[in-house]
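Engineer: I have a structure here, written as structure tokens, and I will follow up with some questions on it.
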Amino acid sequence: MTHPATMQSDNESMFRILHAIFQRDLRVYFRTRGAWLNPLIFVLLVITLFTLGIGPDVKQLALNATAIIWVVALLGIMLSLDALFRSDYEDGTLEQLLLSPRPLYFAIIGKVAAHWLVTGLPMLLASPLFALMLGIPISIVPLLALGLFLGSGILSFIGAIGAAVTVSLQTGGLLIALIILPLYVPVIIFGAGLLQYALEGWSVVAPLMMLSGLLCAAVVLAPLAIGAGLKISMDS
Amino acid sequence: MANWQWFHRLGSPKWLLAKLDRWLPWLLGLGLLVLIVALVWGLAFVPPDYKQGNSFRIMYIHVPTAVVALAAYYVMAVAGAVAMIWRMKVADMVMRAIAPVGAALTFLALVTGAIWGKPTWGAYWVWQDARLTSMLILFFLYLGVMALYDAYNNRRNGNRAAAVVALAGTVNIPIIYKSVDWWSSLHQPASIKFTEQSAIASEMLQPLLLAIIGTYFVFAAMVILQLRLQIVLGEGRSNWLAEYATNKLR
């Protein structure tokens with residue numbers, strides 16, 4: 001039998017660690033110039049390059065816009081994830097986190113959430129700009145933003161698994177891509193499908209529900225794998 | 001009461017290596033025998049398909065490789081789970097042994113699928129077929145797991161990291177398959193259809209089932225070959241291995 005008082009303190013410690021890590025990471029991000037800006041610049045840059053490659057024809061651009069936006073958002077988040085655990089790994093913070101009696105699971109959720117806030121959220125806010133650049137009608141922008149909100153969350157949580165198992169390796173970036181990109185398949189299908197449906201004027205309920213479901217599953221399950229990955233990385 | 005000792009002994013590389021050496025010729029021989037019978041039966045004696053003519057016969061290679069390649073990923077992931085939960089050295093080695101064999105089978109399934117696609121669909125690669133696309137993703141999943149092994153200098157940690165990734169992939173495989181299925185039916189109505197798989201004639205089915213069984217055996221033999229290598233690489237410095245090798249050469 002668990003005493004009610006200890007149960008409450010358990011609950012408290014879960015959310016306290018989540019909150020503490022979340023706040024600490026946010027503070028670190030905000031003190032690092034470019035932490036939130038660089039992924040966004042990357043995304044805008046790649047969209048520009050795509051545009052230059054495809055040509056100035058707006059119709060042609062709009063045809064490819066759904067794929068471009070999602071592939072670029074996916075790459076931006078994935079590349080920024082390489083740094084998610086790296087500095088903590090190097091300065092020993094990660095070791096303290098693993099040794100701490102507080103639940104690692106919630107610490108990880110706090111870390112990934114903070115990371116999402118500085119990478120996923122700016123992309124979401126910049127989505128009208130993406131739409132403008134690629135010739136997507138403004139009426140679809142709210143859906144685009146909603147899709148990016150759900151999708152970037154999934155991408156952050158799944159990608160963090162790759163970051164966790166590769167943090168102790170020198171050759172991080174490319175390896176994360178090899179491991180994680182196959183797992184991103186559902187996100188790009190439903191994310192781009194959402195836009196496609198919206199452009200065709202069909203009901204978008206199905207892809208939205210799929211993305212929401214995937215996000216729930218990723219938030220619940222991915223921290224387990226991330227935790228296991230971090231423990232392995234700490235051993236080596 | 002049944003004697004379960006043999007099961008615990010599987011966890012000992014020393015005991016396992018001796019067993020593997022005994023099993024290998026039987027598994028390989030039996031597998032090759034069954035496979036040859038099935039292939040000769042399927043390729044030479046089954047009547048041609050009324051629509052596809054003789055080109056359907058590549059099915060006797062394509063379907064078994066695809067079936068076993070998919071099953072192999074799950075065996076690999078289960079071995080990874082066992083390794084993570086019970087910290088069994090041998091389970092790590094099994095996982096590592098399966099990855100290249102599974103990747104090779106997936107590659108074979110992709111190539112034979114493309115070859116079969118040309119006369120049937122008129123193109124080597126048809127994105128509308130969800131199975132083809134999912135197999136490609138499976139191939140990439142295998143490659144990712146193998147890349148992770150190679151990136152770690154420490155074999156044990158590489159194994160454990162790969163186990164995590166393999167398990168994450170396992171959760172994803174059904175989702176990937178369903179989403180690709182959904183995707184391929186969304187973009188354009190399928191202009192090309194697979195021949196009805198369920199309506200396969202029993203005289204065509206029998207050699208196919210035999211070929212699948214044979215492929216499983218050969219797969220097991222290939223994994224054993226890899227597993228022996230993994231045991232030698234993983235236990236390279238231990239005394240029993242030197243003893244075993246000397247005894248064997250004597």
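Engineer: Restricting the first residue to the range A:151-177 and requiring it to be within 18 Å of B:G169 (Cα to Cα) and free of Cβ contacts under 8 Å to residues at least 40 places away in the same chain, which pairs with a second residue that is buried (at least 24 other Cβ atoms within 10 Å of the Cβ) and not acidic (D, E) meet a Cβ separation below 7 Å and a spacing of at least six or different chains?
Structural biologist: A:L175/A:T166; A:L175/B:L148
Engineer: Can you tell me which of A:A126, A:A163 is in contact with a helix residue (DSSP H, G or I) (Cβ under 7 Å, 6 or more places away or on another chain), over 23 Å from A:F50 (Cα atoms) and not basic (K, R)?
Structural biologist: Within the list A:A126, A:A163, the selection yields A:A163.
Engineer: Sticking with this structure for a sec: Go over the candidates A:I109, A:I140 one by one and state the one that is closer than 20 Å to A:L224 by Cα and either in contact with a Leu (Cβ under 8 Å, 6 or more places away or on another chain) or within 9 Å of chain B (Cβ to nearest Cβ) (or both). It would help to see each step written out before you state the result.
Structural biologist: On the way: A:I140 fails: closer than 20 Å to A:L224 by Cα.
Exactly one of A:I109, A:I140 is closer than 20 Å to A:L224 by Cα and either in contact with a Leu (Cβ under 8 Å, 6 or more places away or on another chain) or within 9 Å of chain B (Cβ to nearest Cβ) (or both), namely A:I109.
Engineer: Right, A:L215: surrounded by fewer than 24 Cβ atoms within 10 Å (Cβ to Cβ), within 18 Å of the chain's Cα centre (by Cα), over 24 Å from B:L141 (Cβ atoms) and not polar (S, T, N, Q) or not?
Structural biologist: The answer is no for A:L215.
Engineer: What number goes with the only condition from (1) among the β-branched types (V, I, T); (2) part of a helix (DSSP H, G or I); (3) more than 12 Å from chain A (Cβ to nearest Cβ) that B:I137 does not pass?
Structural biologist: (3)
Engineer: Limited to the range B:103-130, what total is found for residues that are within 14 Å of another protein chain (Cβ to nearest Cβ) and in a helix (DSSP H, G or I)?
Structural biologist: 3
Engineer: Could I ask something else about it? Using the structure shown, decide if A:G55 is farther than 30 Å from A:K111 by Cβ and not β-branched (V, I, T).
Structural biologist: Criteria met by A:G55.
Engineer: Another question, then. Do you know which residues across the range A:181-197 are at the interface with chain B (Cβ under 8 Å from one of its Cβ atoms), within 17 Å of A:L79 (Cα to Cα) and touching a Gly at 6+ places or on another chain (Cβ under 9 Å)?
Structural biologist: A:L181, A:P182, A:L183 - these are the residues of the range A:181-197 that are at the interface with chain B (Cβ under 8 Å from one of its Cβ atoms), within 17 Å of A:L79 (Cα to Cα) and touching a Gly at 6+ places or on another chain (Cβ under 9 Å).
Engineer: Here's something else I'd like to know. Being surrounded by fewer than 20 Cβ atoms within 10 Å (Cβ to Cβ), polar (S, T, N, Q) and more than 7 Å from chain A (Cβ to nearest Cβ): is that true of B:N157 here?
Structural biologist: So B:N157 fails the test.
Engineer: In the list A:Q196, A:Q96, which residue meets the criterion of being without any contact (Cβ under 8 Å) to a residue 40 or more places away in the chain, assigned to a helix (DSSP H, G or I) and either closer than 26 Å to B:N157 by Cα or not β-branched (V, I, T) (or both)?
Structural biologist: Details: A:Q196 fails: without any contact (Cβ under 8 Å) to a residue 40 or more places away in the chain.
The match here is A:Q96.
Engineer: While we're looking at this one, here's another question. Name the single residue that is nearest to A:I77 (Cα to Cα) among those in the range A:198-236 being of a type in the set (S, T, Y) and within 8 Å of chain B (Cβ to nearest Cβ).
Structural biologist: Selected residue: A:S233.
Engineer: Then there is this: Out of the residues in the range A:139-181 that are of a type outside the set (A, V, I, L, M, F, W, C) and over 18 Å from A:A113 (Cα atoms), state the one that is surrounded by the most Cβ atoms within 10 Å (Cβ to Cβ).
Structural biologist: Within the range A:139-181, the match that is surrounded by the most Cβ atoms within 10 Å (Cβ to Cβ) is A:T166.
Engineer: Take A:I140 and decide whether it is out of contact with any strand residue (DSSP E or B) (no Cβ under 6 Å at 6 or more places or on another chain), over 16 Å from B:A166 (Cα atoms) and in contact (Cβ under 8 Å) with a residue 40 or more places away in the chain.
Structural biologist: Answer is yes for this residue.
Engineer: Could you tell me which of the residues A:L132, A:L169, A:L174 is modelled with pLDDT under 90 and outside any helix (DSSP H, G or I)?
Structural biologist: Only one candidate passes the filter, namely A:L169.
Engineer: Consider A:G110 carefully, then state whether it is surrounded by 18 or more Cβ atoms within 10 Å (Cβ to Cβ), within 23 Å of A:P186 (Cα to Cα) and touching a residue at least 12 places away in the same chain (Cβ under 8 Å).
Structural biologist: no
The values are calculated or read from the model by the stated rules, or taken from the named source; none is laboratory data. Just so it is clear, the model here is predicted, and its values are computed rather than measured. Positions of Cβ are backbone-derived with ideal geometry, glycine not excepted, and every protein chain shown enters the neighbour counts.
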